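Have a look at the structure below before the remarks.
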Amino acid sequence: EAQVTQNPRYLITVTGKKLTVTCSQNMNHEYMSWYRQDPGLGLRQIYYSMNVEVTDKGDVPEGYKVSRKEKRNFPLILESPSPNQTSLYFCASRGTSGYYEQYFGPGTRLTVT
Amino acid sequence: RKEVEQDPGPFNVPEGATVAFNCTYSNSASQSFFWYRQDCRKEPKLLMSVYSSGNEDGRFTAQLNRASQYISLLIRDSKLSDSATYLCVVRAFSGGYQKVTFGTGTKLQVIP
């Protein structure tokens, strides 16, 4: 089954404790990205990657890091989480030909206290 | 002005009704347009792409008006299962790369 997986699905942590949210896709997609979704603000892109070892900032990259060492994986790293990073996070992937439908992971609900 | 704007709703409509949403975009160079559906706090899923000539998929019809820079989604014969938030998505080339912008969504509640 074609899918994007994220882990963990729910995470409660404290300010300053480094964490990583994993994302993996099995569709051989070149393009992957991370979004956060907050009430009234919609989905905002954090980082994206056009292919292995190629990453770039989205609209709200501050406080986040990513890496793309393998095509299928695109982890999101919060080196020192803060309460304003409490949000719902989605990973997404798509191909780079055709009409570019994005496939989203199930989401990670992060709470930073 | 926001790059992509939607009326947040909620639109409360009875079963069987026809409902339409609009979405306006500010970048005249936008190239691709989509409607996604998102159920409560779940991941967005593609509902339909929006083609220049307009397109229909069952009870759903999408239209693009480039002159006025808006897209629309029409749902006929609303079902309870259509209750969700509908996200407008616009893709444009910006600074040499493709930028995807999501609207904040329009909430639809179909009531029995």
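The values are calculated or read from the model by the stated rules, or taken from the named source; none is laboratory data. Since we're looking at a predicted model, the values are computed, not measured. Every residue, glycine as well, gets a Cβ built from its backbone with ideal geometry; the counts of neighbours run over all protein chains shown.
What to note about this one:
- Subset of the range A:57-86 [within 13 Å of chain B (Cβ to nearest Cβ) and either under 16 Å from A:LYS18 (Cα atoms) or at pLDDT below 95 (or both)]: A:LYS57, A:GLY58, A:ASP59
- Criterion: out of contact with any Lys or Arg (no Cβ under 7 Å at 6 or more places or on another chain) and free of Cβ contacts under 8 Å to residues at least 12 places away in the same chain - qualifying residue of B:SER53, B:SER72: B:SER53
- Given (1) more than 15 Å from B:PHE21 (Cα to Cα); (2) of a type outside the set (A, V, I, L, M); (3) in contact with a Lys or Arg (Cβ under 9 Å, 6 or more places away or on another chain); (4) in contact (Cβ under 8 Å) with a residue 60 or more places away in the chain, index of the condition B:LYS99 fails: (4)
- Test result for B:PHE102, within 14 Å of another protein chain (Cβ to nearest Cβ) and under 10 Å from the mean Cα position of the chain (by Cα): yes
- Count of the range B:83-109 residues, restricted to those that are part of a strand (DSSP E or B), farther than 17 Å from A:GLN37 by Cα and at pLDDT 95 or above, is 2.
- Among the candidates A:LYS65, A:LYS57, A:LYS69, residue that is free of Cβ contacts under 8 Å to residues at least 24 places away in the same chain and under 11 Å from the mean Cα position of the chain (by Cα): A:LYS65
- Contact map, the range A:22-50: residues that are touching a residue at least 12 places away in the same chain (Cβ under 8 Å) paired with residues that are small (Gly, Ala, Ser) and surrounded by fewer than 15 Cβ atoms within 10 Å (Cβ to Cβ), Cβ distance under 7 Å, separation 6+ or inter-chain. Pairs shown: A:ASN26/A:ALA2; A:MET27/A:ALA2.
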